[in-house]
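*Asks:* Handing you this structure, nothing more for now.
Readers should treat all values here as calculations from the given coordinates under stated rules, not as data from a laboratory. Since the model is a prediction, treat every value here as computed from it, not as a measurement. Using ideal geometry, Cβ is built from the backbone for each residue, glycine included, and neighbour counts are taken over all protein chains shown.
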Amino acid sequence: MAESHKMIEPFVANQIRTAEDEPKISYGLSSYGYDVRCADEFKVFTNVHSAVVDPKSFDSKGFVDMNGPHCIIPPNSFALARTVEYLRIPSDVLAICVGKSTYARCGIVVNVTPLEPEWEGYITLEFSNTTNLPAKIYANEGVAQLLFLQSDEQCAVTYKQRKGKYQQQTGVTLPKP
């Protein structure tokens, strides 16, 4: 289904665990889901400008933009990133994005995110470092798993039909009121 509906691009049809004899945090097709990768663009939370975190009026000065092969999240802080994969969710499917146990066992939590029927775009991922130590996230490696739930009927209104505010997001997308 993923290939025939172009649900995931690029699509990796098997699970990748190493590249050129270097261990990787796995990504690609898994038993009942798909492990997505983190791209190399990050927004790391900072309080340098004393911005207030307000979901109704979000101040982008609360983040520092970073690009690279990894991201260091300060202790008890968080960062945003996006997936390498672009997703197109069919109208009869709900996907749930959950964290991978490799990161969870290090105190790095990926926020659980639903991807509603007919949502499309790069997923903005939210990483919380729950430890009192700096934490590292690796770009181009597995960071979260998508679980797909297919319904036997169409939903009443899809994300696309109701013109959802995060439809077709392309980069790391900040909160929208």
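*Asks:* State which entries of K24/K165; K56/K160; K24/K61; K61/K165; K136/K163; K6/K56 exceed 30 angstrom in Cα-Cα distance in the structure shown. Before the final figure, lay out the partial values.
*Replies:* Numbers: K24/K165 34 Å; K56/K160 22 Å; K24/K61 33 Å; K61/K165 21 Å; K136/K163 35 Å; K6/K56 34 Å.
Long pairs (Cα-Cα over 30 Å): K24/K165; K24/K61; K136/K163; K6/K56.
*Asks:* Shape call for region 41-151 from the C-alpha gyration tensor, a ≥ b ≥ c root eigenvalues: rounded (a/c under 1.5), prolate (a/b greater than b/c) or oblate?
*Replies:* Verdict is prolate for region 41-151.
*Asks:* On to the next question. For a label point 7 angstrom out from the Cα of F11 toward its Cβ, which stretches of region 120-162 have the backbone nitrogen within less than 15 Å?
*Replies:* Taking a point 7 Å out along Cα→Cβ of F11, the residues of region 120-162 whose backbone N falls under 15 Å are 148.
*Asks:* For V53 and E22 in the same chain, what is the full-extension length gain: residue separation times 0.36 nm, less their Cα-Cα distance, in nm?
*Replies:* 7.3 nm
*Asks:* Can you order the peptides 109-120, 14-25 by their average number of other Cβ atoms within 10 Å per residue, highest first?
*Replies:* 109-120, 14-25
*Asks:* When Lys and Arg each count +1 and Asp and Glu each count -1, what net charge do the other residues less than 13 Å away from S60, Cβ to Cβ, add up to?
*Replies:* Within the 13 Å Cβ shell, the charges total 0.
*Asks:* Cβ under 12 Å from V84's Cβ, V84 left aside: what net charge do those residues give with Lys, Arg +1 and Asp, Glu -1?
*Replies:* On the way: positive: R37, R82; negative: E9, D35, D40, E41, E85, E141.
Around V84, the charge tally is -4.
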